[in-house]
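The values are calculated or read from the model by the stated rules, or taken from the named source; none is laboratory data. What you are looking at is a predicted structure, and each value in this text was computed from that prediction instead of being measured. With ideal geometry, Cβ positions are generated from the backbone for all residues, glycine too; neighbour counts draw on all protein chains shown.
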Number of protein chains: 2
Amino acid sequence: MAEFTVDPRIEAASVWIGELSLCQVRLQKDARFPWLVLLPRRAGLTELTELSEAEHAQLRADLHVAEQMVRRAAEVMGQPVTKLNIANLGNIVAQLHIHVIARHPHDAAWPGPVWGYGIPESYDASSLQLLEARLRKVLE
Amino acid sequence: MAEFTVDPRIEAASVWIGELSLCQVRLQKDARFPWLVLLPRRAGLTELTELSEAEHAQLRADLHVAEQMVRRAAEVMGQPVTKLNIANLGNIVAQLHIHVIARHPHDAAWPGPVWGYGIPESYDASSLQLLEARLRKVLE
């Protein structure tokens, strides 16, 4: 059975935060948006509909934790949260991954989608470190 | 208790196809993409995480039917399907709705997201009628 690994493009664009019930949770390296990526730890998945009933239920639990985390990220970044965007696209990287993004009317891409919008902005090292620490706290 | 109604902007941009276990399913009036919209029949919902455990399980069943439907739509429209995009954004219309879109490398917006991309293309009346009939057949 193939082992779960993270696509190198996702690995490069995000940092590992922790492990949820079904998914690995990562923070997207884009300081414009509080943005998490969830990866179900099963090799070979591409579509949300490939999850079993049990996995789909685990995903719900993971989304609840991810919601808390992304709201905490928004708080640390000093951004309000008007709407979550929860999406699996996978047009560029097929490995199943679910975006959880906190949006508000004054963010860079509002009301459009964030994917492919403009150029990602790097976090400075200390902001990223703080954010990682705060997000891991949610998991404790 | 408030009654379930469909936001008039969603109503204007899509046509009713039928009712699934949890969701009303509608076809987006955009001939560029095989594109369904699922609306959980509960008033006042905005976030995916507001679904109960039972509703989230129903949503899984609905997504399986929606997948069959959107693949059928792609077939009728003569388009291959490389990837599904399954997403709740809701930045413009807050009422909880889940997009189920069939994508392929030669579609208008690939690999970018479809939301806000270019101008929707109308279906001609006979194509729309045919598509509606084929989609309703999946529900029988």
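Among residues belonging to the range B:29-54 that are under 21 Å from A:Ala54 (Cα atoms) and of a type in the set (A, V, I, L, M), point out the one that is surrounded by the fewest Cβ atoms within 10 Å (Cβ to Cβ). Step by step, filter the range B:29-54, then rank; the result is B:Ala54. Of all the residues in the range A:2-58, those that are among the small types (Gly, Ala, Ser), touching a residue at least 60 places away in the same chain (Cβ under 8 Å) and part of a loop (DSSP other than H, G, I, E, B) number 1. Being more than 8 Å from chain B (Cβ to nearest Cβ) and closer than 23 Å to B:Leu96 by Cα: is that true of A:Ile98 here? So A:Ile98 fits the description; yes. For the range A:100-137, give me the residue count where each residue is of a type in the set (A, V, I, L, M) and in contact with a strand residue (DSSP E or B) (Cβ under 9 Å, 6 or more places away or on another chain). Count: 8. Taken together, the criteria exclude B:Arg26 from residues that are farther than 22 Å from B:Trp115 by Cα, of a type in the set (Lys, Arg) and in contact with a helix residue (DSSP H, G or I) (Cβ under 8 Å, 6 or more places away or on another chain).
Collect the residues in the range B:77-91 that are more than 16 Å from the chain's Cα centre (by Cα) and either among the aliphatic types (A, V, I, L, M) or at positive phi (or both), keeping them in residue-number order. Within the range B:77-91, B:Gly78 is the sole residue that qualifies. Only one of the listed residues (A:Trp16, A:Trp35) is within 14 Å of chain B (Cβ to nearest Cβ) and within 14 Å of the chain's Cα centre (by Cα). That residue is A:Trp35. In the range B:96-123, the residues that are at positive phi and part of a loop (DSSP other than H, G, I, E, B) form Cβ pairs under 6 Å with partners that are modelled with pLDDT of 95 or more and not acidic (Asp, Glu), at six or more places apart or across chains, as follows: B:Gly116/A:Gly112. Number of residues in the range A:55-85 that are more than 10 Å from chain B (Cβ to nearest Cβ), within 23 Å of B:Arg60 (Cα to Cα) and surrounded by fewer than 19 Cβ atoms within 10 Å (Cβ to Cβ): the value is 1. For A:Ala108, the criteria (1) within 11 Å of chain B (Cβ to nearest Cβ); (2) farther than 19 Å from A:Arg26 by Cα hold in every case but one, which is (1). When A:Leu36 is tested against (1) more than 22 Å from A:Glu121 (Cβ to Cβ); (2) touching a helix residue (DSSP H, G or I) at 6+ places or on another chain (Cβ under 9 Å), exactly one condition is not met: (1).
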